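J.: Mind having a look at this structure? Questions to follow.
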Amino acid sequence: MARMMRSQAVVRVYFGDGRRSLFRLGHVGQILGGSGRGQTWLVMKIDGKTQAITDGGKVSSGMRTTIFHLPIKPGKNPGAEGQVMSVTTALAMPKAHVFFKKAGKIVKATRTNSVGKYWVPLADGRYEVYAKKAGFVGVTQHLVIRDGRKRYLDPIISRALQPGQARFVVTWSHNPADLDSYLLTPSGCMVWYGNKQCPGAVMDTESGNHRGPETITITDTSKGKFVFFVKQQSERGEMRDSLAIARLFTPDSSVRMFRIGTDGKIAGPQGQGRGWIVASINHGTVNNGSGESAAVLKLATPTAAHKQANKKRLHRVMQLVQSKSSE
């Protein structure tokens, strides 16, 4: 039951007369069955004639039994669909190769089309998936096909790095939805979505779909110590349940993986503001974030000065335009 509760599922119902209702898992209805696959959240019952709503926790035992034992119908289109995504541009990559391995052997291979998308039929099972493209480094991601249903997966690739560079990439699951990545640089300047460039580092991409990838590249690891961490911005949810993964790409094309709850250190109060200190790079040497002080999570994150300068320049341009139009 605990794993389903962690999903923080929400059901919204909209009626033709303008009424709306919201149901949160754990507050409404009841959960049927044990843990794992087949567990069912009986949300509510709607009367087809009156549209009256009955809490799922108050329906008859006969209805509960019927619903719980409804068979899961197999899908008719099993396989994988998605797009190969560049972690530095967040754009789909055309003509990238996608490989599917099972028991250590490649069982399927395909290539993305002109807009970077792919589709491949697959039988039920567990697969290791990775993408390849010249000049890029791919990573292995996991995919499970079951009940003959189509699954979606966006394999990620990173452009190859030059000596002295390093790249952190964060991806996560649905909840908590909003996580942000940060990099404290040797000068004290902080890279984040509000300040995307500091001496020796730059934010390449900020996640717009709340699952990643978010990418920060260190352009010169010799400058000193860099500390990479992630903070929760969502008010709801437990950061550990995000299943966040941080990957560190290095110039030798190797990829080191950090998993939340296993690597680094989680600190701070529950909810918004809680942080995961992933790792540090000190003059090129990578260290697990577990030894870093939690004080880094409390550092101020000022908005980039160049944004203020751009606003002033835009204001001056607008004044000039207005003065010309009035002549």
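J.: Among the residues of the stretch 55-67, is there at least one that is more than 22 Å from the chain's Cα centre (by Cα), part of a strand (DSSP E or B) and modelled with pLDDT of 85 or more? Don't jump to the end; show me each part of the working.
T.: Step one: of the stretch 55-67, the residues more than 22 Å from the chain's Cα centre (by Cα) are 55-67.
With part of a strand (DSSP E or B) added as a condition, the list becomes 55.
Among the residues that remain, those that are also modelled with pLDDT of 85 or more are: 55.
Yes, the stretch 55-67 contains at least one residue that is more than 22 Å from the chain's Cα centre (by Cα), part of a strand (DSSP E or B) and modelled with pLDDT of 85 or more.
J.: Looking at (1) closer than 19 Å to residue 257 by Cα; (2) touching a residue at least 40 places away in the same chain (Cβ under 8 Å), which is the only condition residue 142 fails?
T.: That leaves (2) as the condition not met.
J.: Continuing with the same structure: Here's a check for you: in the stretch 175-195, which residue that is part of a loop (DSSP other than H, G, I, E, B) and small (Gly, Ala, Ser) is nearest to the chain's Cα centre (by Cα)? Step through it out loud before you land on a result.
T.: Step one: filter the stretch 175-195 for residues part of a loop (DSSP other than H, G, I, E, B), giving 175-178, 185-189, 193-194.
Pick out the ones that are also small (Gly, Ala, Ser) and you get 177, 187-188, 194.
Values: 177: 8, 187: 29, 188: 27, 194: 19 Å.
It comes out as 177.
Residue-by-condition table, conditions (1) in contact (Cβ under 8 Å) with a residue 24 or more places away in the chain; (2) under 25 Å from residue 264 (Cβ atoms); (3) in the same structural domain as residue 284 (by TED's automatic domain parsing):
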residue: 83; (1), (2), (3): yes, no, no
residue: 90; (1), (2), (3): yes, yes, no
residue: 94; (1), (2), (3): no, no, no
residue: 99; (1), (2), (3): yes, no, no
residue: 108; (1), (2), (3): no, no, no
residue: 116; (1), (2), (3): yes, no, no
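J.: Here's a follow-up. Between 215, 250, which is over 19 Å from residue 182 (Cβ atoms) and either modelled with pLDDT of 95 or more or in contact with a His (Cβ under 6 Å, 6 or more places away or on another chain) (or both)? I'd like the intermediate steps shown before the answer.
T.: Working: 215 fails: over 19 Å from residue 182 (Cβ atoms).
Only one candidate passes the filter, namely 250.
J.: For the stretch 195-213, check the following and say yes or no: at least one residue is crowded, with 22+ Cβ neighbours inside 10 Å and either of a type in the set (Asp, Glu) or out of contact with any Ser or Thr (no Cβ under 8 Å at 6 or more places or on another chain) (or both).
T.: no
J.: Please state which one of 147, 178 is under 30 Å from residue 198 (Cβ atoms) and either touching a Gly at 6+ places or on another chain (Cβ under 6 Å) or modelled with pLDDT under 95 (or both).
T.: Working: 147 fails: under 30 Å from residue 198 (Cβ atoms).
Result: 178 is the single residue among 147, 178 that is under 30 Å from residue 198 (Cβ atoms) and either touching a Gly at 6+ places or on another chain (Cβ under 6 Å) or modelled with pLDDT under 95 (or both).
J.: Under the condition of being hydroxyl-bearing (Ser, Thr, Tyr) and part of a strand (DSSP E or B), which residue from the stretch 155-174 is nearest to the chain's Cα centre (by Cα)?
T.: Applying the first criterion (hydroxyl-bearing (Ser, Thr, Tyr)) to the stretch 155-174 yields 158, 171, 173.
Add one more test, that the residue is part of a strand (DSSP E or B), and what stays is 158, 171.
Numbers: 158: 16, 171: 4 Å.
The residue in question is 171.
J.: Taking residue 96 as meeting all but one of (1) under 16 Å from residue 153 (Cβ atoms); (2) modelled with pLDDT under 95; (3) among the small types (Gly, Ala, Ser), write down the number of the exception.
T.: (2)
J.: Next question, about the same structure. Among the residues of the stretch 275-301, which ones are modelled with pLDDT under 90 and in a loop (DSSP other than H, G, I, E, B)?
T.: Hits for the stretch 275-301 are 299, 300, 301.
J.: Only one of (1) surrounded by fewer than 19 Cβ atoms within 10 Å (Cβ to Cβ); (2) within 15 Å of residue 88 (Cβ to Cβ); (3) touching a residue at least 60 places away in the same chain (Cβ under 8 Å); (4) small (Gly, Ala, Ser) fails for residue 173. Which number is that?
T.: (2)
J.: Condition test on residue 158, is it within 26 Å of residue 272 (Cα to Cα), of a type in the set (Gly, Ala, Ser) and surrounded by 16 or more Cβ atoms within 10 Å (Cβ to Cβ)? Even if it seems obvious, please write down each step before you answer.
T.: Numbers: within 26 Å of residue 272 (Cα to Cα): no; of a type in the set (Gly, Ala, Ser): yes; surrounded by 16 or more Cβ atoms within 10 Å (Cβ to Cβ): yes.
No; evaluated as a whole, the condition is false for this residue.
J.: Looking at the stretch 115-138, which of its residues are among the small types (Gly, Ala, Ser), surrounded by fewer than 16 Cβ atoms within 10 Å (Cβ to Cβ) and outside any loop (DSSP other than H, G, I, E, B)?
T.: Result: 125, single match.
J.: Six or more apart or on different chains, Cβ atoms under 8 Å: show the pairs whose first residue is in the stretch 241-270 and closer than 16 Å to residue 292 by Cβ and hydroxyl-bearing (Ser, Thr, Tyr) and whose second is surrounded by fewer than 19 Cβ atoms within 10 Å (Cβ to Cβ) and modelled with pLDDT under 95.
T.: From residues that are closer than 16 Å to residue 292 by Cβ and hydroxyl-bearing (Ser, Thr, Tyr), there are no pairs.
J.: Among (1) within 23 Å of residue 171 (Cα to Cα); (2) among the β-branched types (Val, Ile, Thr); (3) loosely packed, with under 14 Cβ neighbours inside 10 Å, there is one condition residue 106 misses while meeting the rest; what is its number?
T.: (1)
The values are calculated or read from the model by the stated rules, or taken from the named source; none is laboratory data. Please read all numbers here as calculations on a predicted model, not as lab measurements. Every residue, glycine as well, gets a Cβ built from its backbone with ideal geometry; the counts of neighbours run over all protein chains shown.
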